């Protein structure tokens, strides 16, 4: 089983994330089962919106990728959850005086919604 090459940072599409999530959903849909092993460690640099390693373009494109995966895998219940999470993070950031982070969360939420709406 291969990754969907239209997803992810190197895809050259507006969908700059979600390739890993899409892959796991596909494995589960194919009946593959796994197990959690605390002894295994996967290193991935932390570059989320709240750690100041993102800009609005990146936040938006990552949101687009997740929106596309939600649509592609028919996971509609996840859409309001992601949008609510971004809204809550934006609100919390504003309350803390961090309009920069609120803007990133808003961009991500906009990307999730638009990625969902434009996907097939």
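From the list 73, 68, 89, the one residue that fits, being more than 23 Å from residue 11 (Cβ to Cβ) and surrounded by 15 or more Cβ atoms within 10 Å (Cβ to Cβ), is 89. Consider residue 99 carefully, then state whether it is over 30 Å from residue 27 (Cβ atoms), in contact (Cβ under 8 Å) with a residue 24 or more places away in the chain and surrounded by fewer than 18 Cβ atoms within 10 Å (Cβ to Cβ). For residue 99, the condition - over 30 Å from residue 27 (Cβ atoms), in contact (Cβ under 8 Å) with a residue 24 or more places away in the chain and surrounded by fewer than 18 Cβ atoms within 10 Å (Cβ to Cβ) - is not met. State all residues of segment 9-20 that are surrounded by fewer than 19 Cβ atoms within 10 Å (Cβ to Cβ) and either assigned to a loop (DSSP other than H, G, I, E, B) or at pLDDT 95 or above (or both); if no residue qualifies, say none. Within segment 9-20, 12, 13, 14 meet the criteria. Comparison of 97, 39 shows that the only residue that is at pLDDT 95 or above, out of contact with any helix residue (DSSP H, G or I) (no Cβ under 8 Å at 6 or more places or on another chain) and assigned to a loop (DSSP other than H, G, I, E, B) is 97.
The values are calculated or read from the model by the stated rules, or taken from the named source; none is laboratory data. Since the structure is predicted, the reported quantities are computational estimates derived from the model, not experimental observations. Because the Cβ atoms are built from the backbone with ideal geometry, glycine has one as well, and the counts that use them run over all protein chains shown.
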